[in-house]
Amino acid sequence: MRRDYSLRVVSIAVFSLFVVFVSQGWTAEKPPFYQGKTINIIINFAAGGPTDIESRIFAKHLSRHIPGQPTVTVQAMGGGGGLIAVNYIGEVAKPDGFTAAYFTGSLFQHQIKDPALRVDIAKFGFITGVHGVTVSYIRADVPPGMKKPMDFLKAQKFRAAGLGISSSKDVRFRLSFDILGLKYDYVTGYNNSSDARLAVQRGESHYHDETLPSYRTQVEPQMVKTGMVVPLYYTDLVAPSGEILVSRDVPELQPFTYFYKEAFGKLPSGIKYEALKAANMSSTNMTRMFLMPPKAPPETIGILRKAFDSLSRDQDFLQEAIATMRFQPRFEVGEAGERLFQRASQTSPEIVHFLRKYIEEANK
């Protein structure tokens, strides 16, 4: 009798605990959102190029920073100056959290309202941006002779090699020359920076600028150290406040704004400088961006933002990235990154109008 009573007491206690768990909304712990899933990263240029190489290094290390450790794949979707993939992400890709994008140059095309861009990048889910300063250089034999960066201000008329009139690279170096008051011939249409660099080596052109990986691996050993060219400055990194930042990756040179201030004793100003700052936000601070399709679940954006924040401190990733990419990837993450993305993607109509007109004038 006492035994039956004890069993009834235990049964009642277990039932009571069950009622408490149910009444407090207790359920089995949910597995991580990405557990057993695959994230496919779409890139907007062909396989084998810098965008592809970098994205695969990210993909290799990113998974272990995402709860559930999903498989991360990369798919190249080149064409249309990078806009085929951008339009795909905005118009076709499902906003389910399993498709992401690693894009180069797309934010500048958004700024200038490129007619081939059919989607509003400002509505994409922003995860992070990746810095990418560009280093300017000129042949040392440009009259009256270039020996140090400040000699650039004395340069007689020179030829600058570009990639295309609407290229962010070309627009930015033309604006820089105009702000400095230089005289130059603009020669554009080179297929890529390798071809433009070769034109400088041959003496067909005198000026070009390149992103840090190609500058460190090609220009510096073959052209700077041999005395063929003189490095000048690098493109500005712009804080959300508008302040110009110094790159830790090019300690031997100044950003363009500091170069100007040293030369003229004051900061640059005017519509051309404001346009240059806007273009640098999209093309230096946000050289490349990780994005999600519009209306992607906020949960997935938050997960991936945290993953990239963690990745930025991953020594295995950094070691491989520096060895392969020749620079340490620096991410625009968190609230500061979001503010910069919003500022760069919501450029004032005045600047947009100026940039479009500036590009059109180069075609005359």
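Divide, for the range 178-260, the radius of gyration over alpha carbons by 2.2 N^0.38 Å, where N is the residue count.
Cα-based Rg divided by the globular estimate yields 1.19.
What are the residues whose amide H is under 5 Å from the amide H of ASP96, where those residues sit 5 or more places off or on another chain and H is modelled from the backbone?
Under 5 Å from the amide H of ASP96: no residue qualifies.
Once Rh for the range 88-214 is found with the Kirkwood sum over Cα pairs, what is the Stokes-Einstein diffusion coefficient at 10 °C and 1.306 mPa s, in µm²/s?
94
With the other protein chains left in place, how much accessible area per residue, in square angstrom, belongs to the chain at a 1.4 angstrom probe?
I get 48 Å² per residue for this part.
Taking the convex hull of the Cα atoms, report for the chain its projected area averaged over all directions, in nm².
23.1
Under 14 Å Cα to Cα from LYS306, which aspartates and glutamates show up? Leave out anything in the same chain fewer than 8 places away.
Within the straight-line limit of under 14 Å, LYS306 reaches these aspartates and glutamates: ASP314, GLU332, GLU335, GLU338.
With respect to the cross-link table entries LYS147/LYS266; LYS169/LYS277; LYS147/LYS169; LYS148/LYS261; LYS154/LYS225; LYS30/LYS295, which display a Cα-Cα separation exceeding 19 Å?
LYS147/LYS266; LYS147/LYS169; LYS154/LYS225; LYS30/LYS295, as the Cα separations exceed 19 Å there.
Send over the semi-axes of the range 212-272's equivalent ellipsoid, whole angstrom and largest first, taken as the square roots of 5 times the C-alpha gyration tensor eigenvalues.
Gyration-tensor ellipsoid for the range 212-272: 25, 14, 9 Å.
Do any of LYS37/LYS123; LYS272/LYS357; LYS123/LYS272; LYS37/LYS60; LYS113/LYS183 go past 18 Å between their Cα atoms, and which?
Exceeds cut-off: LYS37/LYS123; LYS123/LYS272; LYS113/LYS183.
Put SER310, SER136 in order of accessible area, largest first, 1.4 Å probe: what do you get?
Ranking SER310, SER136 by accessible area, largest first, yields SER310, SER136.
Note down the accessible area of TYR184, probe 1.4 Å, to the nearest 10 Å².
40
Restrict the search to the range 259-358; then list the chymotrypsin sites (Phe, Trp or Tyr not before Pro) that DSSP places in a loop and that have at most 13 other Cβ atoms within 10 Å of their Cβ.
none
In whole Å, what are the Cα extents of the range 241-338 along the three principal axes, biggest one first?
48, 35, 18
Among DSSP beta bridges whose residues both lie in the chain, state the antiparallel percentage, nearest 5.
Antiparallel bridges: around 60 percent, rounded to the nearest 5.
What do you get for the angle between helix 349-362 and the principal long axis of the chain? Use alpha-carbon atoms, 0 to 90 degrees, nearest ten.
In the chain, helix 349-362 runs at an angle near 40 degrees to the longest axis.
Quick check: at a probe of 1.4 Å, how many percent of the accessible area of the chain sits on carbon and sulfur atoms?
Ligands and nucleic acids excluded, carbon and sulfur reach 54 percent.
Kirkwood Rh over Cα pairs of the range 90-165 into Stokes-Einstein at 37 °C, 0.692 mPa s: D in µm²/s?
197
The values are calculated or read from the model by the stated rules, or taken from the named source; none is laboratory data. Model, not experiment: these values are computed from the prediction. Virtual Cβ from ideal backbone geometry, glycine too; neighbours counted across all protein chains shown. These accessible areas exclude ligands, DNA and RNA; they are computed on the full protein's heavy atoms, side chains included. Shrake-Rupley method; radii C 1.70, N 1.55, O 1.52, S 1.80 Å.
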